[in-house]
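The values are calculated or read from the model by the stated rules, or taken from the named source; none is laboratory data. Please read these numbers as outputs of a predicted model, since none were measured by experiment. As a convention, Cβ positions derive from the backbone with ideal geometry for all residues, glycine included, and neighbour counts pool all protein chains shown. These accessible areas exclude ligands, DNA and RNA; they are computed on the full protein's heavy atoms, side chains included. Shrake-Rupley method; radii C 1.70, N 1.55, O 1.52, S 1.80 Å.
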Amino acid sequence: MTVRVGVIGTGMIGADHVARLTTQVVGSRVSAVFDVATDRAAQVAAAAGATSHTSWEAVVAADDVDAVLIASPGHLHPEQAIACIAAGKPVLCEKPLATTSADALRVLEAEAAAGRRYVQLGFMRRYDAGYLDVKRTMTDGVIGEPLLAHAIHRNATVPDFFRGEMSLTDSLVHEFDVFRWLFDTEIESVTVLPVRTSPLAADGMRDPQVAVLRMAGGQVVTVESFVNCQYGYDVRCEVVGSLGTVGLDNPRTTVVITAGRRSESVPADWQERFAPAYTVELQSWVDDLAAGRVGGPSTWDGYAATAVAEAAVQSYAEGRPVDVRLAERPALYTAGE
Ligand code: NAD
Ligand code: ISE
(Lines give C-alpha, C1' and ligand atoms only; values in the text may rest on other atoms or scores of the structure.)
(Ligands and ions follow the chains in the order given, each with its own letter.)
Protein backbone atom coordinates (compact mmCIF):
# COMPACT_ATOMS: atom_id res chain seq x y z
CA MET A 1 0.00 0.00 0.00
CA THR A 2 1.24 3.50 -0.82
CA VAL A 3 0.34 6.16 1.75
CA ARG A 4 -0.62 9.35 -0.10
CA VAL A 5 0.47 12.34 1.98
CA GLY A 6 -0.78 15.93 1.86
CA VAL A 7 1.68 18.51 3.17
CA ILE A 8 0.68 21.85 4.73
CA GLY A 9 3.62 24.26 4.76
CA THR A 10 6.52 23.88 2.34
CA GLY A 11 9.06 26.06 4.14
CA MET A 12 12.38 24.75 5.46
CA ILE A 13 11.27 21.53 7.09
CA GLY A 14 8.12 21.03 5.00
CA ALA A 15 10.16 20.98 1.78
CA ASP A 16 12.74 18.66 3.38
CA HIS A 17 9.99 16.27 4.49
CA VAL A 18 8.46 16.27 0.99
CA ALA A 19 11.86 15.35 -0.47
CA ARG A 20 12.32 12.59 2.12
CA LEU A 21 8.83 11.16 1.57
CA THR A 22 9.43 11.24 -2.18
CA THR A 23 12.94 9.85 -2.42
CA GLN A 24 13.84 8.03 0.81
CA VAL A 25 10.77 6.71 2.56
CA VAL A 26 9.41 3.43 1.23
CA GLY A 27 5.64 3.19 0.79
CA SER A 28 4.68 6.84 0.55
CA ARG A 29 4.21 9.58 -1.99
CA VAL A 30 3.28 13.24 -1.65
CA SER A 31 0.03 13.83 -3.52
CA ALA A 32 -0.93 17.36 -2.40
CA VAL A 33 0.67 20.45 -0.89
CA PHE A 34 -0.32 23.93 0.22
CA ASP A 35 1.66 26.94 1.34
CA VAL A 36 0.61 30.60 1.46
CA ALA A 37 3.91 31.17 -0.37
CA THR A 38 2.38 29.85 -3.59
CA ASP A 39 5.54 29.94 -5.73
CA ARG A 40 7.43 27.80 -3.28
CA ALA A 41 4.51 25.39 -2.97
CA ALA A 42 4.29 25.11 -6.75
CA GLN A 43 8.02 24.32 -7.01
CA VAL A 44 7.86 21.70 -4.28
CA ALA A 45 4.71 20.18 -5.81
CA ALA A 46 6.27 20.00 -9.27
CA ALA A 47 9.38 18.24 -7.95
CA ALA A 48 7.26 15.70 -6.07
CA GLY A 49 4.60 15.19 -8.77
CA ALA A 50 1.94 16.54 -6.39
CA THR A 51 -0.98 18.94 -6.79
CA SER A 52 -0.52 22.43 -5.38
CA HIS A 53 -3.82 23.39 -3.72
CA THR A 54 -5.24 26.84 -2.99
CA SER A 55 -5.92 26.26 0.72
CA TRP A 56 -4.80 23.92 3.50
CA GLU A 57 -8.44 22.88 3.94
CA ALA A 58 -8.40 21.59 0.35
CA VAL A 59 -5.34 19.44 1.16
CA VAL A 60 -7.12 17.92 4.16
CA ALA A 61 -10.26 17.24 2.11
CA ALA A 62 -8.55 15.90 -1.04
CA ASP A 63 -9.63 12.38 -2.05
CA ASP A 64 -6.07 11.42 -2.90
CA VAL A 65 -4.77 12.35 0.59
CA ASP A 66 -4.68 9.50 3.13
CA ALA A 67 -2.68 11.36 5.77
CA VAL A 68 -1.47 14.90 6.39
CA LEU A 69 1.91 16.31 7.38
CA ILE A 70 1.65 19.72 9.07
CA ALA A 71 4.77 21.88 8.74
CA SER A 72 3.25 25.34 9.01
CA PRO A 73 4.14 27.80 11.83
CA GLY A 74 3.34 26.45 15.32
CA HIS A 75 0.36 28.69 16.12
CA LEU A 76 -1.53 27.20 13.15
CA HIS A 77 -1.03 23.58 14.17
CA PRO A 78 -4.06 23.23 16.50
CA GLU A 79 -6.67 24.34 13.96
CA GLN A 80 -5.09 22.28 11.19
CA ALA A 81 -4.66 19.16 13.36
CA ILE A 82 -8.25 19.38 14.61
CA ALA A 83 -9.49 19.63 11.01
CA CYS A 84 -7.54 16.45 10.15
CA ILE A 85 -9.04 14.62 13.13
CA ALA A 86 -12.52 15.78 12.06
CA ALA A 87 -11.83 14.47 8.54
CA GLY A 88 -10.60 11.14 9.98
CA LYS A 89 -7.10 11.60 8.53
CA PRO A 90 -3.94 10.77 10.49
CA VAL A 91 -1.45 13.57 10.96
CA LEU A 92 2.26 14.00 11.50
CA CYS A 93 2.28 17.39 13.18
CA GLU A 94 5.61 19.17 13.45
CA LYS A 95 6.44 20.48 16.90
CA PRO A 96 5.23 22.42 18.76
CA LEU A 97 1.69 21.03 18.97
CA ALA A 98 0.59 24.58 19.84
CA THR A 99 1.99 27.78 21.26
CA THR A 100 -0.35 27.80 24.29
CA SER A 101 -1.40 24.93 26.52
CA ALA A 102 -5.06 25.89 26.04
CA ASP A 103 -4.73 25.39 22.27
CA ALA A 104 -2.84 22.12 22.77
CA LEU A 105 -5.61 20.93 25.06
CA ARG A 106 -8.16 21.60 22.31
CA VAL A 107 -6.35 19.11 20.06
CA LEU A 108 -6.08 16.61 22.92
CA GLU A 109 -9.80 16.89 23.62
CA ALA A 110 -10.73 16.54 19.94
CA GLU A 111 -8.63 13.39 19.61
CA ALA A 112 -9.82 11.92 22.90
CA ALA A 113 -13.43 12.56 21.82
CA ALA A 114 -12.71 10.76 18.54
CA GLY A 115 -11.61 7.80 20.66
CA ARG A 116 -8.43 6.90 18.77
CA ARG A 117 -5.05 8.33 17.98
CA TYR A 118 -4.67 10.36 14.81
CA VAL A 119 -1.70 12.57 15.67
CA GLN A 120 2.01 11.82 15.87
CA LEU A 121 4.18 14.74 17.03
CA GLY A 122 7.38 15.62 15.19
CA PHE A 123 9.68 15.02 18.16
CA MET A 124 12.27 13.35 15.93
CA ARG A 125 14.92 13.07 18.65
CA ARG A 126 13.10 9.95 19.82
CA TYR A 127 14.24 8.34 16.55
CA ASP A 128 17.85 9.53 16.77
CA ALA A 129 20.41 6.74 17.21
CA GLY A 130 22.28 8.71 19.90
CA TYR A 131 19.24 9.51 22.04
CA LEU A 132 18.01 5.91 21.65
CA ASP A 133 21.38 4.73 22.96
CA VAL A 134 21.13 7.07 25.95
CA LYS A 135 17.61 5.79 26.66
CA ARG A 136 18.74 2.14 26.38
CA THR A 137 21.69 2.74 28.68
CA MET A 138 19.42 4.31 31.28
CA THR A 139 16.79 1.57 31.00
CA ASP A 140 19.39 -1.22 31.20
CA GLY A 141 20.61 0.15 34.54
CA VAL A 142 24.18 0.63 33.29
CA ILE A 143 24.53 3.99 35.07
CA GLY A 144 22.52 2.91 38.11
CA GLU A 145 19.64 5.10 39.11
CA PRO A 146 19.39 8.19 36.84
CA LEU A 147 19.45 11.27 39.10
CA LEU A 148 20.02 14.36 37.00
CA ALA A 149 21.03 15.61 33.57
CA HIS A 150 22.72 18.56 31.91
CA ALA A 151 21.87 19.57 28.36
CA ILE A 152 22.86 22.16 25.81
CA HIS A 153 20.89 23.22 22.76
CA ARG A 154 22.76 25.67 20.56
CA ASN A 155 21.95 26.97 17.10
CA ALA A 156 24.54 28.95 15.09
CA THR A 157 21.82 31.45 14.19
CA VAL A 158 18.05 31.43 13.75
CA PRO A 159 15.81 32.85 11.00
CA ASP A 160 14.50 36.43 11.18
CA PHE A 161 11.03 35.28 12.25
CA PHE A 162 12.55 33.75 15.38
CA ARG A 163 11.88 36.22 18.16
CA GLY A 164 11.06 36.72 21.82
CA GLU A 165 9.99 33.59 23.59
CA MET A 166 10.61 31.19 20.70
CA SER A 167 13.84 29.85 22.21
CA LEU A 168 11.61 28.39 24.95
CA THR A 169 8.50 27.53 22.93
CA ASP A 170 10.15 26.41 19.68
CA SER A 171 13.70 25.24 20.54
CA LEU A 172 13.67 24.08 24.17
CA VAL A 173 10.36 22.32 23.58
CA HIS A 174 12.54 19.48 22.18
CA GLU A 175 14.39 19.28 25.52
CA PHE A 176 11.13 19.31 27.45
CA ASP A 177 9.93 16.36 25.41
CA VAL A 178 13.17 14.43 25.39
CA PHE A 179 13.72 14.54 29.16
CA ARG A 180 10.10 13.53 29.86
CA TRP A 181 10.80 10.59 27.56
CA LEU A 182 14.26 9.71 28.92
CA PHE A 183 13.21 9.85 32.58
CA ASP A 184 9.73 8.49 31.79
CA THR A 185 8.06 11.05 34.04
CA GLU A 186 6.46 14.46 33.75
CA ILE A 187 8.18 17.80 34.40
CA GLU A 188 6.76 19.19 37.61
CA SER A 189 8.24 22.69 37.65
CA VAL A 190 10.52 24.91 35.61
CA THR A 191 12.77 27.84 36.49
CA VAL A 192 14.31 30.02 33.80
CA LEU A 193 17.39 31.91 34.97
CA PRO A 194 18.25 35.28 33.49
CA VAL A 195 21.64 35.20 31.76
CA ARG A 196 23.70 38.12 30.43
CA THR A 197 22.50 38.61 26.85
CA SER A 198 24.90 38.01 23.98
CA PRO A 199 25.84 41.22 22.15
CA LEU A 200 25.02 39.31 18.95
CA ALA A 201 21.45 38.45 19.97
CA ALA A 202 18.72 39.89 17.74
CA ASP A 203 16.85 42.89 19.14
CA GLY A 204 14.64 41.92 22.06
CA MET A 205 15.88 38.32 22.10
CA ARG A 206 16.99 36.90 25.46
CA ASP A 207 19.84 34.69 24.44
CA PRO A 208 21.30 32.56 25.98
CA GLN A 209 18.93 31.23 28.63
CA VAL A 210 19.16 28.46 31.22
CA ALA A 211 16.19 26.42 32.41
CA VAL A 212 16.12 24.14 35.43
CA LEU A 213 13.54 21.36 35.22
CA ARG A 214 12.34 19.45 38.25
CA MET A 215 10.93 16.06 37.22
CA ALA A 216 8.03 14.41 39.05
CA GLY A 217 10.44 11.61 40.05
CA GLY A 218 12.70 14.13 41.82
CA GLN A 219 15.39 14.23 39.11
CA VAL A 220 16.71 17.64 38.06
CA VAL A 221 17.73 18.71 34.52
CA THR A 222 19.64 21.86 33.61
CA VAL A 223 19.24 23.02 30.02
CA GLU A 224 21.05 25.78 28.19
CA SER A 225 19.46 27.36 25.14
CA PHE A 226 21.72 29.52 22.96
CA VAL A 227 20.16 30.12 19.54
CA ASN A 228 22.82 32.51 18.34
CA CYS A 229 26.07 30.78 19.30
CA GLN A 230 27.65 31.43 15.86
CA TYR A 231 29.88 28.34 15.65
CA GLY A 232 27.44 25.59 14.62
CA TYR A 233 24.55 23.41 15.79
CA ASP A 234 25.43 21.73 19.04
CA VAL A 235 22.99 19.48 20.88
CA ARG A 236 24.48 17.40 23.69
CA CYS A 237 23.54 16.08 27.10
CA GLU A 238 24.86 14.01 29.97
CA VAL A 239 22.64 11.96 32.27
CA VAL A 240 24.16 11.35 35.69
CA GLY A 241 23.26 8.17 37.53
CA SER A 242 24.18 6.61 40.87
CA LEU A 243 26.86 4.43 39.18
CA GLY A 244 28.03 6.54 36.25
CA THR A 245 26.97 8.80 33.43
CA VAL A 246 25.87 8.50 29.81
CA GLY A 247 26.48 11.33 27.38
CA LEU A 248 25.08 12.26 23.98
CA ASP A 249 27.75 13.76 21.74
CA ASN A 250 27.66 15.17 18.23
CA PRO A 251 27.89 12.31 15.72
CA ARG A 252 31.40 12.39 14.36
CA THR A 253 32.73 11.15 11.09
CA THR A 254 36.26 12.52 10.99
CA VAL A 255 38.92 13.89 13.29
CA VAL A 256 41.60 16.14 11.78
CA ILE A 257 45.00 16.27 13.45
CA THR A 258 47.39 18.84 12.09
CA ALA A 259 49.80 21.55 13.19
CA GLY A 260 49.62 20.51 16.83
CA ARG A 261 45.81 20.58 16.94
CA ARG A 262 43.19 17.84 16.97
CA SER A 263 39.78 18.92 15.69
CA GLU A 264 36.42 17.48 14.73
CA SER A 265 33.52 19.09 12.95
CA VAL A 266 30.28 20.35 14.51
CA PRO A 267 27.07 19.97 12.46
CA ALA A 268 26.04 23.18 10.68
CA ASP A 269 22.35 23.01 11.55
CA TRP A 270 19.45 20.77 12.57
CA GLN A 271 18.96 19.68 8.95
CA GLU A 272 22.41 18.06 9.00
CA ARG A 273 22.43 16.81 12.60
CA PHE A 274 19.05 15.13 12.60
CA ALA A 275 18.72 14.11 8.92
CA PRO A 276 18.82 10.36 9.67
CA ALA A 277 16.33 10.77 12.55
CA TYR A 278 13.80 12.60 10.34
CA THR A 279 13.95 9.76 7.81
CA VAL A 280 13.47 7.07 10.47
CA GLU A 281 10.63 9.13 11.98
CA LEU A 282 8.81 9.43 8.62
CA GLN A 283 9.40 5.79 7.71
CA SER A 284 8.03 4.69 11.05
CA TRP A 285 4.96 6.94 10.61
CA VAL A 286 4.29 5.55 7.11
CA ASP A 287 4.85 1.93 8.23
CA ASP A 288 2.43 2.44 11.12
CA LEU A 289 -0.19 3.98 8.83
CA ALA A 290 0.16 1.11 6.36
CA ALA A 291 -0.47 -1.24 9.31
CA GLY A 292 -3.55 0.77 10.30
CA ARG A 293 -2.17 2.39 13.44
CA VAL A 294 -0.69 5.65 14.74
CA GLY A 295 2.28 5.50 17.11
CA GLY A 296 5.24 7.64 18.15
CA PRO A 297 5.11 10.77 20.29
CA SER A 298 1.47 11.52 21.03
CA THR A 299 -0.81 14.51 21.40
CA TRP A 300 -0.33 14.09 25.15
CA ASP A 301 3.44 14.48 24.66
CA GLY A 302 2.83 17.58 22.54
CA TYR A 303 0.46 19.01 25.15
CA ALA A 304 2.80 18.30 28.08
CA ALA A 305 5.81 19.84 26.30
CA THR A 306 3.76 22.93 25.39
CA ALA A 307 2.60 23.28 29.00
CA VAL A 308 6.23 23.21 30.17
CA ALA A 309 7.18 25.84 27.57
CA GLU A 310 4.33 28.04 28.76
CA ALA A 311 5.47 27.65 32.38
CA ALA A 312 9.03 28.51 31.26
CA VAL A 313 7.84 31.73 29.63
CA GLN A 314 6.01 32.63 32.85
CA SER A 315 9.05 31.76 34.96
CA TYR A 316 11.24 34.06 32.90
CA ALA A 317 8.73 36.91 33.17
CA GLU A 318 8.18 36.52 36.91
CA GLY A 319 11.69 35.45 37.94
CA ARG A 320 10.55 32.45 39.97
CA PRO A 321 9.97 28.69 39.62
CA VAL A 322 6.61 27.90 38.03
CA ASP A 323 4.71 24.64 38.50
CA VAL A 324 3.53 22.85 35.38
CA ARG A 325 -0.19 22.15 35.64
CA LEU A 326 -1.49 19.40 33.40
CA ALA A 327 -5.06 18.35 32.73
CA GLU A 328 -6.05 14.81 33.62
CA ARG A 329 -4.47 12.37 31.19
CA PRO A 330 -7.20 10.73 29.06
CA ALA A 331 -7.18 6.91 28.99
CA LEU A 332 -6.30 7.05 25.28
CA TYR A 333 -2.78 8.11 26.27
CA THR A 334 -2.16 5.78 29.20
CA ALA A 335 -2.15 2.34 27.54
CA GLY A 336 0.76 1.11 25.44
CA GLU A 337 2.62 4.42 25.42
P1 NAD B 1 9.36 28.08 7.71
O2 NAD B 1 8.98 29.48 8.01
O3 NAD B 1 10.54 27.82 6.86
O4 NAD B 1 8.13 27.31 7.04
C5 NAD B 1 6.80 27.54 7.42
C6 NAD B 1 5.98 27.60 6.15
O7 NAD B 1 4.59 27.69 6.50
C8 NAD B 1 6.32 28.83 5.30
O9 NAD B 1 6.66 28.42 3.99
C10 NAD B 1 5.03 29.66 5.34
O11 NAD B 1 4.80 30.37 4.14
C12 NAD B 1 4.01 28.56 5.56
N13 NAD B 1 2.72 29.05 6.05
C14 NAD B 1 2.44 30.19 6.72
N15 NAD B 1 1.11 30.27 6.93
C16 NAD B 1 0.57 29.15 6.41
C17 NAD B 1 -0.76 28.66 6.32
N18 NAD B 1 -1.80 29.34 6.81
N19 NAD B 1 -0.94 27.46 5.74
C20 NAD B 1 0.10 26.76 5.23
N21 NAD B 1 1.36 27.18 5.27
C22 NAD B 1 1.60 28.36 5.86
O23 NAD B 1 9.51 27.33 9.11
P24 NAD B 1 10.07 25.89 9.40
O25 NAD B 1 11.41 26.03 10.02
O26 NAD B 1 9.91 25.00 8.23
O27 NAD B 1 9.09 25.42 10.57
C28 NAD B 1 7.81 24.93 10.34
C29 NAD B 1 7.37 24.13 11.57
O30 NAD B 1 8.23 23.02 11.72
C31 NAD B 1 7.45 24.91 12.89
O32 NAD B 1 6.42 24.49 13.74
C33 NAD B 1 8.79 24.49 13.47
O34 NAD B 1 8.86 24.56 14.87
C35 NAD B 1 8.88 23.06 12.99
N36 NAD B 1 10.26 22.60 12.84
C37 NAD B 1 10.61 21.42 13.39
C38 NAD B 1 11.90 20.98 13.32
C39 NAD B 1 12.31 19.71 13.98
O40 NAD B 1 13.49 19.55 14.24
N41 NAD B 1 11.40 18.80 14.24
C42 NAD B 1 12.86 21.73 12.61
C43 NAD B 1 12.45 22.91 12.02
C44 NAD B 1 11.15 23.34 12.12
C1 ISE C 1 13.90 24.28 14.99
O2 ISE C 1 12.56 24.67 14.75
C3 ISE C 1 13.94 22.86 15.40
O4 ISE C 1 12.96 22.25 15.71
C5 ISE C 1 15.29 22.34 15.64
O6 ISE C 1 15.28 20.97 15.90
C7 ISE C 1 15.78 23.11 16.86
O8 ISE C 1 17.04 22.65 17.24
C9 ISE C 1 15.83 24.58 16.55
O10 ISE C 1 16.27 25.26 17.70
C11 ISE C 1 14.45 25.08 16.16
O12 ISE C 1 14.53 26.43 15.78
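Summary of values
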read-out: Those residues of the range 154-170 which are under 29 Å from Val240 (Cβ atoms) and touching a Cys at 6+ places or on another chain (Cβ under 9 Å), in sequence order; value: Arg154, Asn155, Ala156
read-out: Residues located in the range 42-88, provided they are more than 10 Å from ligand 1 (Cβ to nearest atom) and loosely packed, with under 14 Cβ neighbours inside 10 Å; value: Ala46, Gly49, Thr54, Asp63, Asp64, Ala86, Gly88
read-out: Residues located in the range 255-278, provided they are open to solvent by 80 Å² or more (accessible area, probe 1.4 Å) and either assigned to a loop (DSSP other than H, G, I, E, B) or within 15 Å of ligand 2 (Cβ to nearest atom) (or both); value: Ala259, Gly260, Glu272, Pro276
read-out: Condition met for Arg329 (open to solvent by 20 Å² or more (accessible area, probe 1.4 Å) and either closer than 16 Å to Gly130 by Cα or modelled with pLDDT of 95 or more (or both)); value: yes
read-out: Exclusive hit being more than 12 Å from ligand 2 (Cβ to nearest atom), closer than 27 Å to Glu272 by Cβ, open to solvent by 50 Å² or more (accessible area, probe 1.4 Å) and at pLDDT 95 or above, set Arg126, Arg136; value: Arg136
read-out: Pair list, Cβ under 9 Å, 6 or more apart: the range 1-22 residue within 13 Å of ligand 1 (Cβ to nearest atom), other residue modelled with pLDDT under 95 and open to solvent by 10 Å² or more (accessible area, probe 1.4 Å); value: Met12/Pro159
read-out: Output for the range 180-204, where each listed residue is more than 21 Å from the chain's Cα centre (by Cα) and over 14 Å from Gly319 (Cα atoms); value: Arg196, Thr197, Ser198, Pro199, Leu200, Ala201, Ala202, Asp203, Gly204
read-out: Candidate set: the range 89-123, residues that are under 18 Å from the mean Cα position of the chain (by Cα) and among the acidic types (Asp, Glu); chosen: the one farthest from ligand 1 (Cβ to nearest atom); value: Asp103
read-out: Among (1) closer than 27 Å to Thr139 by Cβ; (2) in a loop (DSSP other than H, G, I, E, B); (3) in contact with a strand residue (DSSP E or B) (Cβ under 9 Å, 6 or more places away or on another chain); (4) open to solvent by 20 Å² or more (accessible area, probe 1.4 Å), the one test that Arg293 misses; value: (3)
read-out: Extreme residue, modelled with the lowest pLDDT, among residues of the range 159-202 that are open to solvent by less than 40 Å² (accessible area, probe 1.4 Å) and of a type in the set (Val, Ile, Thr); value: Thr169
read-out: Among residues of the range 229-248, those that are open to solvent by 20 Å² or more (accessible area, probe 1.4 Å) and either within 16 Å of ligand 2 (Cβ to nearest atom) or over 30 Å from Leu147 (Cβ atoms) (or both), counted; value: 3
read-out: Tally, over the range 1-52, of residues that are at pLDDT 95 or above and in a loop (DSSP other than H, G, I, E, B); value: 13
